[in-house]
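Here, each number is a calculation from the coordinates, and none is a lab measurement. This one's a predicted model, so the numbers in the text were calculated from it and none came from an experiment. Here the Cβ positions follow ideal geometry from the backbone for every residue, glycine too, while neighbour counts run over all protein chains shown.
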């Protein structure tokens, strides 16, 4: 059972600690965990590319959008529920926080089972929709069939990690990602190389590591170390909570679903456009995972900032909300600039680590520079969308999630690929980033002015 002094310490930390040290304390565990997760993706890509060839990489690139949908559902429930949980804690409504956690857990289990059943029933049509041809269908099917079986565990792990982070225990979320990521890195060579399971072995290593992470999280929730006390009746689904979870979290699902839709459109365009084909799809898949290694720390900063923003918004400490947002934006933008410099300067050496295919390397170095041309603007977009999630404003959060991936990127790639061919595909990314940055800037500045006016409201008494 959590001691009252421990509860008081965590709440006081979110309410009173200096924002700079608090953001570091909340973000660093998330950053470390996300970096380990991204490292697993790179290790996974390395072994698949080296030991199954370009077709193996192309196969998992086709299957990856389906895997992203599973993760997106977990993030939807996790972020939406975490927003409620942190705000209820800021309001000192501990029973409301417990119901938020219970509904998050039940929704993760139900959605995981539903996704597994639906995915297994429509696997081949889905893979064809995402761009699989006769060459890439076998490895894509081998990979995603295992991932779908592990779908319920994947969603639960994502949701429970978000809950731990929302209550101020970011280290639990970090340990979860580290356990899963390190175990996956260790199992990859065993399954892919030692047991010669190929891309199916990569998926098996992923699912096993996620199951172990779930066991760690379940132990934490049931041990009484969580600040939110969960009892059986808190697992009963309540429509107002479910509705708010999906209203707030839908923005993240929109972002993930948009990424999946974008990948589907990109894969099909890359298959058809002059100079494209399986090699171009494989190059795109490798670059996307390399980019995620830089993108993950920015997500970690956003995840660290959200409970601070949500708690202090609920407690009416709006000046702390604005201070946290400003510092998070500066940190994420610095990371995006460093990543951009690396991608521009060293594309070929980076790609040679993952592939010996000269065609893939020649195509990939141009693709990497084109795809990341506006990368310095990514950090601000990510933090800006996180602001609206944290304060429970679903509509602007959903709009920002959709804008870059759907409203801007998809029309741009459809048009630009017609005029510029494969280069049009690569350059559509930075073009959409510029437009999305401007839109995010306008919306965030407007919200900051509103918060400035609200600072006259008295904070809630402890």
Describe numerically, in nm with one decimal, the distance between label points set 7 Å from Cα along Cα→Cβ at residue 186 and at residue 341. 3.6 nm
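Restricting to Cα atoms and excluding each atom paired with itself, what does the Kirkwood estimate give for the chain in Å?
It works out to 22.3 Å.
What translational diffusion coefficient, in µm²/s and rounded to a whole number, does the Stokes-Einstein relation yield for the range 345-462 at 4 °C and a viscosity of 1.567 mPa s, taking the hydrodynamic radius as the Kirkwood radius over Cα pairs? Walk me through the numbers on the way to the answer.
Details: Rh = 16.7 Å.
Roughly 78 µm²/s, to the nearest whole number.
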Helix 137-149 axis, angle to the chain major axis (alpha carbon atoms, nearest 10°): 20 degrees
May I ask for the angle, rounded to the nearest 10°, between helix 318-345 and the longest principal axis of the chain, with both axes built from Cα atoms and the value confined to 0 to 90°? 20 degrees
Taking a crude spin-label model, label points 7 Å out from Cα along the C-beta direction, the residue 24 to residue 128 distance in nm is 5.6 nm
Determine, for each peptide in 81-87, 47-53, the mean count of other beta carbons within 10 angstrom over its residues, then list the peptides with the highest first. 81-87, 47-53
Ranked output for segments 124-136, 231-243 by mean other Cβ atoms within 10 Å, highest leading, reads 124-136, 231-243
What is the helix-to-structure angle for 4-16, meaning the angle in degrees between its Cα long axis and the longest Cα principal axis of the chain, kept from 0 to 90 and rounded to the nearest 10? 70 degrees
So how far, in whole Å, is the C-alpha centre of the range 49-125 from the one of the range 173-212? 18 Å
Only helical DSSP H runs with n ≥ 4 go in: add -39500 (n - 2.57) per run for the chain, normalise by residue count and round the 222 nm mean residue ellipticity to 500 deg cm²/dmol. -29000 deg cm²/dmol
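By how many nm would the segment from residue 455 to residue 319 grow when fully extended, if each residue of separation counts as 0.36 nm and the alpha-carbon distance is taken off?
Additional length available on full extension: 48.3 nm.
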